[in-house]
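Below is one structure; the comments refer to it alone.
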Number of protein chains: 2
Amino acid sequence: MTEQHPAPGVRGVSAAPRSDGLHSTKSLHAAKDIPQATVSRLATYLRVLSVMVDEGTLIVSSEELAAAAGVGSAKLRKDLSFLGPNGVRGVGYDVSRLRDRIETALGLDQGHRVVLVGVGNLGRALAGYGGFGRRGFAMVGLFDTAPGVVGTVVSELEVRDAGALLAACIELQPTIAVIAVPDEAAQNVCDRLVEAGLRCILSFTPVELEAPDHVEVRRVDLAVEMQMLSFRSARNAEIVDAEAATANQSRVPSTRLGRSRGPRSAATAASAPAQGTVANTTTNSKGSVVRQ
Amino acid sequence: MTEQHPAPGVRGVSAAPRSDGLHSTKSLHAAKDIPQATVSRLATYLRVLSVMVDEGTLIVSSEELAAAAGVGSAKLRKDLSFLGPNGVRGVGYDVSRLRDRIETALGLDQGHRVVLVGVGNLGRALAGYGGFGRRGFAMVGLFDTAPGVVGTVVSELEVRDAGALLAACIELQPTIAVIAVPDEAAQNVCDRLVEAGLRCILSFTPVELEAPDHVEVRRVDLAVEMQMLSFRSARNAEIVDAEAATANQSRVPSTRLGRSRGPRSAATAASAPAQGTVANTTTNSKGSVVRQ
DNA sequence: TAGATTGTTAATCGATTAACAATC
DNA sequence: TAGATTGTTAATCGATTAACAATC
């Protein structure tokens with residue numbers, strides 16, 4: 001790693017030699033005040049940059065990288081500025097260097113060892129999910145309680161008895177645990193993972209898990225994602241409805257069936273396929289291969 | 001449904017008879033300005049309320065509901081206020097009524113018909129995920145391209161050929177589509193779903209999908225969730241490190257191994273099990289059954 | 001030097017929070 | 001009426017955005 005700047009200075013214990021007096025308070029752990037929203041986007045930039053590295057791209061401007069990541073360039077530069085100076089003015093960013101920088105900032109450069117508890121449908125999918133391995137997360141242990149599952153091999157790992165979680169964690173030294181058990185069992189599993197010394201837990205159960213402050217629990221609720229989509233679809237249907245009501249007021253008063261059932265029927269009507277609005281969307285499709 | 005108030009007035013096309021002059025601009029589609037963050041939390045409240053209905057709870061205060069959902073009561077009341085008045089001052093909220101109210105606001109009261117494209121590991125897990133059905137999402141169609149998969153039965157549905165997507169959508173009338181295909185195929189699948197008239201798409205591929213404005217695409221990137229955990233763990237390790245460096249300055253200068261490899265080794269050290277910090281977490285666990 | 005692009009500023013926008021008036 | 005709790009306000013906090021000075 002060739003260092004252009006004296007020291008990146010965002011991480012590391014010793015006070016960074018920043019020329020300006022900014023961030024002087026709490027200077028010891030500046031990484032703390034990177035906003036969550038920024039961290040999430042950094043992960044996205046990282047993925048895009050990895051693709052660029054593979055393609056052999058050497059330099060990228062904030063404009064290009066932002067476009068590829070689907071954000072504005074101002075936001076991108078602001079996000080990157082939390083990591084200290086990363087680019088060269090008038091030139092752009094060194095792709096591979098910036099990737100490494102973000103990787104380090106996210107704590108990914110050492111890799112992570114992941115244990116997964118709950119080898120049901122979802123657990124199996126997660127265990128076999130290539131996206132993890134590709135991004136530095138190694139599955140090192142699978143656990144379940146069902147006798148029919150314990151002992152079987154899933155994604156090249158033998159499923160262990162969840163009762164042996166604590167002992168296994170001492171052996172496996174995981175840095176992250178994933179919970180994919182039924183709702184009722186989740187809190188108990190969480191407690192035992194905390195006992196075993198885990199500090200990072202990703203839960204796929206909708207229940208809010210209680211854990212000590214020093215343990216970070218993230219929850220992914222797949223149904224919530226769908227419900228947010230549902231809201232947008234209902235909202236859109238309503239707007240379409242409202243516009244139709246005002247714009248076409250003089251023409252056909254109500255072209256839709258089931259209006260008597262109230263505005264709710266709009267949601268169903270809005271999803272009707274293949275008329276008018278659909279036609280001009282096909283022109284929008286651009287080939288069958290993914291392009292950034 | 002017994003209506004206490006003359007009309008909820010947040011949805012619906014006709015102007016709502018609000019006594020105050022608020023939201024008078026753009027009054028036609030007030031639902032538009034419910035913040036995303038609020039929508040997401042509404043989904044959480046809905047889940048908690050459903051549990052309460054099942055338990056036979058009739059009335060709940062903002063304080064209680066907020067606690068159960070893991071948010072502050074002020075935030076909860078603010079969130080609910082976007083739906084219009086829902087409670088009774090001095091009393092609280094009618095649990096079942098509030099649940100229905102949120103369900104309607106999220107557009108869930110009519111249910112949703114979901115098609116899923118890509119019946120690999122993840123697709124299978126999603127197809128069999130009970131959390132969807134339990135919350136009003138019905139899987140109505142599974143699609144794949146692999147000859148070995150097409151025709152097989154997964155979660156009580158026969159997998160169809162993805163080539164017949166458009167025709168099938170006319171028949172199935174889905175309101176939501178889920179994409180769980182390999183990255184390279186995602187954009188193509190997305191284009192064809194748009195062609196088929198879908199307006200709500202949930203994608204599990206990390207690639208940013210292009211779609212017309214009237215189509216809502218949500219992306220769930222499982223690796224990003226892990227990466228955010230990773231960041232927090234690295235940050236925590238760093239803080240622990242920094243505190244140790246300042247507090248124990250006069251004592252042992254460096255108690256950890258591998259310090260020569262730079263601050264990054266802190267992440268590994270922080271995950272070491274079972275000493276000091278672990279002891280007081282076991283007292284925190286409260287029985288083995290999930291309790292809200 | 002001229003051209004280009006970063007890193008940073010300051011203004012805007014939006015979300016959170018605490019406090020309280022309204023009112024059951 | 002007195003007690004309780006909602007719905008709303010206004011202040012605070014944080015994130016986004018556009019513009020530009022710094023500088024390669």
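Listed values, structure above:
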| read-out | value |
| --- | --- |
| For the A-to-B rotation axis, chain A residue with nearest beta carbon and its distance in angstrom | A:Ala125, 2 |
| Antiparallel DSSP beta bridges within the stretch A:91-229, percent to nearest 5 | 10 |
| 10 Å Cβ neighbours from other chains, averaged over peptide B:149-161 | 0 |
| Label spacing, shortest first and in nm, from B:Asp33 to its equivalents in the remaining copies (7 angstrom along Cα→Cβ) | 3.2 |
| Among A:Val181, A:Ala196, A:Val220 - extreme Cα towards positive end, dipole of the stretch A:115-220, charges at beta-carbon | A:Val220 |
| Dipole in debye (nearest 20) - the stretch B:112-220, about Cα centre, beta carbon charges: Lys, Arg +1; Asp, Glu -1 | 500 |
| 18 Å Cα-Cα reach of B:Lys75 towards aspartates and glutamates, excluding residues that sit fewer than 8 places from it in its own chain | A:Glu208, B:Asp33, B:Glu63, B:Glu64 |
| Whole-Å semi-axes of the stretch B:112-220's equivalent ellipsoid (Cα gyration tensor) | 19, 15, 14 |
| GluC sites (Glu not before Pro) restricted to the stretch B:133-172 and DSSP loop, no more than 14 other C-beta within 10 Å | B:Glu156 |
| Lys/Arg +1, Asp/Glu -1 at C-beta; the stretch B:27-105 dipole; positive extreme among B:Leu46, B:Ser73, B:Gly92 | B:Ser73 |
| For the stretch A:52-160, size of Cβ-based charge dipole, Lys and Arg +1, Asp and Glu -1, in debye | 300 |
| Within 10 Å of each Cβ in B:95-106, the average number of Cβ atoms from other chains | 2 |
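Every read-out reported here was derived from the displayed coordinates using simple, explicitly stated rules and does not represent laboratory data. If you're wondering where the values come from, they're calculated on a predicted model, not measured in any experiment. Cβ atoms come from the backbone with ideal geometry, glycine included; neighbour counts cover every protein chain shown.
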